[in-house]
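A.B. asks: Before anything else, here's the structure in question.
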């Protein structure tokens, strides 16, 4: 069986979903055949990639980026985003992906799906190598940590965020604005650390 020309279009991307393949007229049994012959690689349920394409994204982030891309409106958040920004000591045991609160049921292996309101707040584009996805910015992640993670994790994230470096300058007004919007009172913690 020759590779479908529409599948060739998908194989130019770092990863694709069975839903995207179906939209191009590629049937599930064709995907199963291509996976069995090694023409494509099955990453997880409904997620595929071209095994011959070398990624230019840092190896440690490739699986997370593929998972985020496989979820409609998927946005890297909390532990995964804090790890990316270097604002946590927690080990990323699963991928943390935010989706809009009103979305349908989504399941992925080794992935914690977080349904969130104010979905657009702090959502920024992330491009690593050939991957393009979304991630919450540092300020949103710190505020979310106070809402969803342990106090220790949240305090570590805030303390790390407040450290000024050449590459990072804390934006306290943005942090306070997000905290107000998300109804999280972090002012006492900011005052204690500054």
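A.B. asks: Of all residues in region 146-188, count the ones that are modelled with pLDDT of 85 or more and part of a helix (DSSP H, G or I).
C.D. replies: The qualifying residues number 25.
A.B. asks: Checking the conditions here, which among 66, 102 is over 30 Å from residue 162 (Cα atoms), modelled with pLDDT of 85 or more and assigned by TED's automatic domain parsing to the domain that holds residue 164?
C.D. replies: When all the criteria are applied, what remains is 102.
A.B. asks: Would you kindly identify the strands (runs of 3 or more DSSP E) lying entirely within region 77-133 that contain at least 3 residues that are in contact with a helix residue (DSSP H, G or I) (Cβ under 6 Å, 6 or more places away or on another chain) and crowded, with 18+ Cβ neighbours inside 10 Å?
C.D. replies: On the way: elements: 95-100, 111-116, 123-128.
Because the criterion is at least 3 residues that are in contact with a helix residue (DSSP H, G or I) (Cβ under 6 Å, 6 or more places away or on another chain) and crowded, with 18+ Cβ neighbours inside 10 Å, the strands (runs of 3 or more DSSP E) in region 77-133 that meet it are 95-100.
A.B. asks: Residues in region 138-153: is at least one in contact with a strand residue (DSSP E or B) (Cβ under 6 Å, 6 or more places away or on another chain) and surrounded by fewer than 20 Cβ atoms within 10 Å (Cβ to Cβ)?
C.D. replies: no
A.B. asks: Next up: Test residue 26 against the criterion of being in contact with a helix residue (DSSP H, G or I) (Cβ under 6 Å, 6 or more places away or on another chain), farther than 25 Å from residue 128 by Cβ and either modelled with pLDDT of 80 or more or surrounded by 19 or more Cβ atoms within 10 Å (Cβ to Cβ) (or both), and give yes or no. Break it down into steps so the answer makes sense when it comes.
C.D. replies: On the way: in contact with a helix residue (DSSP H, G or I) (Cβ under 6 Å, 6 or more places away or on another chain): yes; farther than 25 Å from residue 128 by Cβ: yes; either modelled with pLDDT of 80 or more or surrounded by 19 or more Cβ atoms within 10 Å (Cβ to Cβ) (or both): yes.
For residue 26, the condition - in contact with a helix residue (DSSP H, G or I) (Cβ under 6 Å, 6 or more places away or on another chain), farther than 25 Å from residue 128 by Cβ and either modelled with pLDDT of 80 or more or surrounded by 19 or more Cβ atoms within 10 Å (Cβ to Cβ) (or both) - is met.
A.B. asks: Tell me yes or no: at least one residue of region 10-20 is out of contact with any helix residue (DSSP H, G or I) (no Cβ under 7 Å at 6 or more places or on another chain) and at pLDDT 80 or above.
C.D. replies: Yes, there is a match, as at least one residue in region 10-20 is out of contact with any helix residue (DSSP H, G or I) (no Cβ under 7 Å at 6 or more places or on another chain) and at pLDDT 80 or above.
A.B. asks: Six or more apart or on different chains, Cβ atoms under 8 Å: show the pairs whose first residue is in region 54-76 and over 15 Å from residue 19 (Cβ atoms) and whose second is at pLDDT below 65.
C.D. replies: That search, which allows pairs on different chains as well, returns 62/55; 65/57.
The values are calculated or read from the model by the stated rules, or taken from the named source; none is laboratory data. Keep in mind that what you see is a predicted model, and the values were worked out from it rather than measured. Cβ: placed from backbone, ideal geometry, glycine included. Neighbour counts: every protein chain shown.
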